[in-house]
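Read-outs throughout are calculated quantities, based only on the coordinates presented, and are distinct from any laboratory measurement. Keep in mind that what you see is a predicted model, and the values were worked out from it rather than measured. Here the Cβ is made from the backbone with ideal geometry for all residues, glycine too, and neighbour counts use every protein chain on show.
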Amino acid sequence: MLSTRNLSFAFGGSASKTLQFPDITCPTGEHWLLLGQSGSGKTTLLHLLAGLRTPQSGTVNINGTAINELTGTALDRFRGREIGVVFQQSHFVRALSIRENLALCRQLAGLPPSSKKITALLKQLNITDKQHDLPQELSVGEQQRAAIARALINEPSLILADEPTSALDDKNTDQVIDLLKAQATAANATLVIVTHDNRLKSVFEQRIEL
Amino acid sequence: MNLLRLSWKNLTFKPLSMLLSITLFALGVGLISLLFLLQHQLQDKFEKNLAGVDLVIGAKGSPLQLILSSMYHVDAPTGNIELGAVKPFLNPKHPLIETAIPLSMGDNYRTFRIIGTNSDILDIYEAKIAQGKVWERNFEVTIGSKVARDAGLKLGDTFSSSHGFVEDDNLGHEHTAFKVVGILATSGTVLDQLILTTNQSYWLTHDHGPAPTPAATGEENDHDGHDHGDDAHDHGDEHDHEGHDHGDDAHDHGDEHDHEGHDHGDDAHEHDHEGHDHEGHDHGVEKTVPKPLLEEPAEKQITALLVRFKGRNYQALNMQRNINENTEMQAATPAIEINRLYSLMDSGEQALRILAFVIIIVSALSIFISLLSSLRERKYELALMRVMGSSHSKLFMLILVEGLILALLGWALGFLVSHGSMHLFAGQLAEAYGYDFSGWIFLPQEWLVLLGSLALGIVAAILPAMKAGQTDISETLLKE
């Protein structure tokens, strides 16, 4: 369950560039699309939802926790455990293999390594044969799948995806969206995808327009 | 995947940059450590060999040279002094002097210096006999442990000396046969590399040398007659082999018999030649217990005198001044000369030390720059780690540990380099000076170097680490 109330954000702390966001309520397990043009503050909203930024006013509530009230390490820990984020461009710890990246993700969130879980997830995302490669050795599509794997490995209750398909062709887009939906459903996680990609409109019923 | 392993992976991801940082660091650390090692071992050698000697008396010249030649046996002597001039100091009743040790030098066997002296020298260096006994008679020698080892000499072995301090077959005293009667236990002092014999042995080998005998070249046959080893067989019955001047006293050896001035005179008198079994004796006539130096003629020469005072008072200081001002000799204080040597070496060392510090600063700078530039390349990954739940302090530690690993590896490599090159140096130094150095001596200062290295690693990494710790996830990711 994700909900926001009266959320606003001020760039550089000045009132002149304040973004006001509509209230959002996404029940647990639902899949939502956040649509908007460039500059409409989509990514800012996503960062607010992920607790990467502090709002000027309002609250973000995830499964009963007001994350804007958390600070420092507590927020870091909560984010690591409860929120999985897929970015427009996938970033990894470049010196680690895909498998090690997933293991690091669990470790940073303070979770046990669980090698079995990693193996299963890699298999589901069909990148088992790339697990020992360095991120830079993977194709863009493979990288995005690996990024999804990393977002899912801690079994978060909220999955946030920022333009996950903008760099992908149609075929890979379908694949990635299917995977995201399937994995979110399997983990009973709330999925919010921020995008301006019209290809996705047909796939999601719940939409928020900014 | 703990912090250490992650740091390590990050570093090895850029192996060349890592190699550069570590190599530079190792170079600086290695140079510093090597200087420590050299300085320590040199001072150790110098101080061990001071042996409580308060004054060295020798021929006029450089006092440092006198000390180096007669105490450390690395330089040429300043010259010789007449026994007569130092006889007062040799008198055991001298009010100021506790011990006075006469040294005669100038010959070597396979570069090991042969020193004519008395057994008091063993006491001041606290040396012990390991095998055999102390030399007593002329041409008996007691050798240092290093001599025994390196020249392969055993008890009972005989050898001929060479003139000077370098190995040169042309300068051999072929007719002098020294016999090893004792081997000293390793004392860690200069005695380890010396061959000790009587002062008189020197005179017996050398007195013929400078004797201005015109026939020296013309009477080769006579000289051949000196091959005592061969002649020894018929010594008893046929007593006329040319060249041996047994009957004559020392006073007339110059005019009549010109066999290069062999001075058998005094000794020969005390010997019953007819009955003596010369078999196997090369120099039977000379192998006698010498008289105390005090009873030897005043015109005989020695090279230096090592003096230990009963107490260091102003009279003792006056004695040094007196010798320097009123005699043809000089007196030098080892401690002062060695300090002078230290200060000479110090300026060279200073330059090297400055160089080492410059290298170390550059290496710290290289660590700083490589961390900072890797930070720039890794800013997304650091932001990502924050997204994955990593705290500010964890990122700070991650970079700090990277700096520490570089410093630690640099130190370790430098440590190996310094001891390794000291080991290589040791061989050269041993060849040049005869002193044993070792690459496998470890000093407490090296712990300081380690601590310094780690501190430097922290200093170099702290700014990049702080920058990493302050990574703002949102700002960074928005800029993609």
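If you bin all the Cα-Cα distances of region B:355-414 at 5 Å, starting from zero, the percentages per bin are 4, 15, 22, 23, 14, 10, 7, 3, 1, 0. For B:Thr288, the residues whose modelled amide H falls within less than 5 Å of its own, excluding neighbours fewer than 5 places apart on the same chain, are B:Asn138.
Spatial offset of region B:410-444 relative to region A:140-187 amounts to 60 Å, using the alpha carbon center of each. Taking every Cα-Cα distance in chain A and sorting them into 10 Å bins from zero, the calculated P(r) comes out as 8, 35, 36, 18, 2, 0 percent.
Report the antiparallel proportion of the DSSP beta bridges in the protein assembly as shown as a percent, rounded to a multiple of 5.
Values: 42 of 67 bridges.
Just about 65 percent of them are antiparallel.
3J(HN,Hα) along region A:32-49, derived from phi through the Karplus expression 6.51 cos²θ - 1.76 cosθ + 1.60 where θ = phi - 60°, amounts to 10, 10, 9, 9, x, 6, 4, x, 7, x, 4, 5, 4, 4, 4, 5, 5, 5 Hz, with x in place of Gly and Pro.
Per residue, the average separation of C-alpha pairs within less than 8 Å and at least 6 apart gives chain A a relative contact order of 31 percent.
When the Cα convex hull of region B:2-157 is projected onto planes of every orientation, the mean area is 16.5 nm². Between the C-alpha center of region A:14-66 and that of region B:344-372 there is a gap of 54 Å. Between A:Leu7 and A:Phe21, A:Thr59, the built amide H atoms are under 5 Å apart, and every one of these is 5 or more places off in sequence or on another chain. Here the protein assembly as shown is treated as a sphere whose radius is the Kirkwood value from Cα pairs; by Stokes-Einstein at 20 °C and 1.002 mPa s it diffuses with a coefficient of 65 µm²/s.
Applying a threshold of 24 Å to the alpha-carbon distances of A:Lys116/A:Lys181; B:Lys133/B:Lys300; B:Lys133/B:Lys310 flags B:Lys133/B:Lys300; B:Lys133/B:Lys310 as lying beyond it.
Between the C-alpha center of region B:39-66 and that of region B:1-32 there is a gap of 45 Å.
Evaluating 6.51 cos²θ - 1.76 cosθ + 1.60 at θ = phi - 60° for every residue in region A:77-91, the Karplus couplings come out as 5, 4, 4, x, 8, 9, 10, x, 10, 10, 9, 4, 10, 7, 10 Hz, glycine and proline recorded as x.
Evaluating 6.51 cos²θ - 1.76 cosθ + 1.60 at θ = phi - 60° for every residue in region B:192-203, the Karplus couplings come out as 4, 10, 10, 10, 9, 8, 7, 4, 5, 4, 4, 5 Hz, glycine and proline recorded as x.
Residues whose amide H falls under 5 Å from that of B:Ser162, counting only those 5 or more places apart or on a different chain, are B:Asn108, B:Tyr109, B:Arg110, B:His173, with hydrogens built in the peptide plane.
Shielding value for A:147-158 is 1, the average number of Cβ atoms from other chains within 10 Å of each residue's Cβ.
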